[in-house]
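Report on the following structure.
No lab work stands behind these numbers, since they all come straight from the coordinates. Note that this is a predicted model, so its numbers are computed, not measured. No Cβ is skipped: glycine too gets one built from the backbone with ideal geometry, and neighbour counts run over all protein chains shown.
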Amino acid sequence: MELELELELERTELNGCDTILETTVCREETLEAIVPDACPDILRICDVEGTVCLAGKEPQEGRVELSGTVRAVLLYCPDGGEGLRRMEVSLPFTCTADAPSITPACLVTALPRVQSADARLLNPRKVLVRVSLAADIQVFCPVSMSVCSGVPDRERFGVEQLSEQYDAYATVCVQEKSFTFSDDLTLSSGKPEAEELLKSRAYVHCSEAKVIGNKLIFKGDTQLQLLCRGGDGGLFTAEFELPFSQIMEVSGAGEDASCDVRVILTDLDCTMDGGDGRMFSVSLGLLAQAVIREGRTVHMLTDAYSTLYPMTAEHRDYTLDRLMDKGEKEITVREVLETGALLKDAADAYASVGALTQSRDGERVTVTAQINVTALYQTDEGDMGSVTRTLPVSCTLELPEYARCSCDCSCTAPVFAAAAAGGLEVRFPVSFRYMAVASRTVPGICGITMEETEPLDHSQRPSIVLRMVGPGERLWDIAKSYGTTAGDIVQANGLEEDMPVGGRLLLIPRKR
């Protein structure tokens with residue numbers, strides 16, 4: 001009666017997260033809005049800018065749902081009045097991404113952005129506001145992979161084993177933290193007093209992140225830019241740098257781990273304090289989303305046999321990722337926006353990231369972002385106007401053809417604008433953050449059974465075999481086919497360790 005014994009194997013548990021969805025979803029929201037009673041009629045709309053605030057991201061069965069609000073600020077010339085007036089419209093949004101493997105246990109990161117915003121005048125007291133949204137979404141599924149690295153009781157069972165070492169790059173932790181920031185701000189002495197705050201925008205950037213123990217410490221700053229109307233009706237901007245430093249609980253990550261922390265807005269509230277027009281109060285709601293990855297060395301049992309008993313090894317394929325390249329490239333954009341009018345000065349400027357595309361030519365990958373740039377200006381005659389242009393901005397990477405690249409893009413600082421010959425000159429940085437990985441499938445042993453009651457009989461094998469080693473053959477494969485060991489072959493032939501054996505005539509001893 002044959003009795004199979006399942007051998008106990010040394011196992012390593014690799015815990016982490018698999019990326020099951022990486023996509024960008026786009027959505028357009030429209031809303032008819034009535035001009036508030038306290039505001040004058042609209043003669044002409046000069047500018048529309050939207051700020052997206054994420055409220056929630058919920059994984060469900062087969063889908064993930066994002067929700068939030070776009071706050072659109074309209075600047076317009078009033079009918080029968082001078083200067084610019086503001087009107088704010090809130091557009092709620094919901095967008096979804098589908099994938100059959102998504103469950104409520106998944107982890108989600110989302111980077112929403114306003115690609116463009118505009119408004120159409122329906123009548124002097126009604127407008128139709130339209131906002132184009134995009135959200136870069138990643139969904140991670142917690143996983144635990146068991147890898148066999150060896151047989152602990154090899155001598156008892158006469159087991160010969162072959163282990164391979166692989167480098168792998170894995171996501172080990174996905175975590176997030178909400179936090180708030182508030183402060184009182186004062187205009188510098190070089191700025192005039194503000195009569196009205198027209199717009200505020202925030203550029204949030206995480207500049208440093210490090211794992212220490214089970215804590216992730218990250219730092220960065222928010223560059224807050226305000227557009228104000230002075231007492232003389234002129235417009236001016238003011239910038240403030242608001243640093244932040246936070247600690248987040250993480251698990252499963254070593255101190256050499258790579259930490260990608262993206263901080264996005266969940267709320268932005270900026271108001272003028274009563275008084276002399278120089279004081280402002282700002283309150284920010286922020287969400288930090290951390291994806292922590294690290295390199296691992298994986299020792300895997302890839303082959304085994306026994307010289308004493310019949311043995312069956314069960315194999316399975318494991319997929320491991322390797323990091324090919326990772327980094328951030330900043331491209332400085334400098335362009336003249338033609339206006340067709342003689343300009344007195346530039347009042348305001350901002351940029352938003354539109355569609356992102358990738359193209360490949362051999363090992364050269366080009367990522368192109370469509371950057372929508374808007375500038376608000378005043379002509380020599382005192383009229384207010386605006387110009388919007390879409391500028392393609394490209395980043396080139398050198399990557400192997402088998403590597404897949406993920407990349408996102410952001411405008412990381414305020415746009416500088418100044419009157420120039422023929423229009424407005426704008427300058428601003430565009431940051432491309434990218435990561436390239438390559439997957440490989442490697443076979444490994446996941447289980448071994450042995451028939452301990454039926455020892456192998458080597459007596460029928462020839463006591464001596466002469467064998468010519470073919471090109472690329474390994475001692476391991478030869479020893480396995482003759483039921484002996486590589487060590488016995490080395491000893492029988494007086495070979496030195498790691499000596500090449502291709503083309504040699506070897507004596508293959510019988511296992512006793």
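Pairwise Cα distances in the chain exceed 45 Å for 36 percent of all pairs.
Along the axis of the charge dipole computed for segment 64-202 (Cβ charges of +1 for Lys and Arg, -1 for Asp and Glu, origin at the Cα centre), the listed residues ALA119, PRO78, SER200 are led at the positive end by PRO78. With helices as the sole contributors, the chain gives -1000 deg cm²/dmol at 222 nm; each DSSP H run of n ≥ 4 counts as -39500 (n - 2.57), and the sum is divided by every residue. For segment 457-512, a simple Cβ point-charge model (Lys and Arg +1, Asp and Glu -1, everything else neutral) yields a dipole of about 280 debye relative to the Cα centre. Placing unit charges on the Cβ atoms only, positive for Lys and Arg and negative for Asp and Glu, gives the chain a dipole magnitude near 680 debye about its Cα centre.
Near LEU356, once Lys and Arg are set to +1 and Asp and Glu to -1 for all other residues with Cβ below 11 Å from its Cβ, the sum equals -1.
Taking a ≥ b ≥ c as the square roots of the eigenvalues of the Cα gyration tensor of segment 310-450, is the shape rounded (a/c under 1.5), prolate (a/b larger than b/c) or oblate? The shape class here is prolate. How would you classify segment 151-308 from its alpha-carbon gyration tensor, with a ≥ b ≥ c the square roots of the eigenvalues: rounded for a/c under 1.5, else prolate if a/b is greater than b/c, otherwise oblate? The shape class here is prolate. Toward the positive end of the charge dipole of segment 310-450, with +1 on the Cβ of Lys and Arg and -1 on the Cβ of Asp and Glu, the farthest Cα among VAL333, THR412, SER439 is that of SER439. Applying the criteria of a DSSP loop state and at most 15 other Cβ atoms within 10 Å to the GluC sites (Glu not before Pro) of segment 53-137 yields GLU61, GLU82. Packing, taken as the mean count of other beta carbons within 10 Å per residue, orders the peptides 414-420, 460-466 from highest to lowest as 414-420, 460-466. Net charge near THR94, counting Lys/Arg +1 and Asp/Glu -1 over other residues with Cβ under 13 Å of its Cβ? Result for the local shell: -1. Please sort by residue number the GluC sites (Glu not before Pro) in segment 101-201 whose DSSP state is loop and whose Cβ has at most 13 other Cβ atoms within 10 Å. Those satisfying the criteria are GLU193.
Each of ALA97, PRO500, GLY158 was placed along the dipole of the chain (beta-carbon charges, centred on the mean Cα), and the one lying farthest toward the positive end is PRO500. Pairs exceeding 19 Å between alpha-carbon atoms, taken from LYS199/LYS344; LYS177/LYS326; LYS177/LYS210; LYS210/LYS326: LYS199/LYS344; LYS177/LYS326.
Note on segment 310-450: with charges restricted to the Cβ of Lys and Arg (+1) and Asp and Glu (-1), its dipole about the Cα centre is near 560 debye. Among the trypsin sites (Lys or Arg not before Pro) found in segment 467-500, those both in a DSSP coil and sparsely packed, with 13 or fewer other Cβ atoms within 10 Å of their Cβ, are ARG474.
Count Lys and Arg as plus one, Asp and Glu as minus one, and take only other residues whose Cβ is under 13 Å from that of GLU255; the net charge is then 0.
Reducing segment 259-305 and segment 347-420 to their Cα centroids gives an inter-centroid distance of 23 Å.
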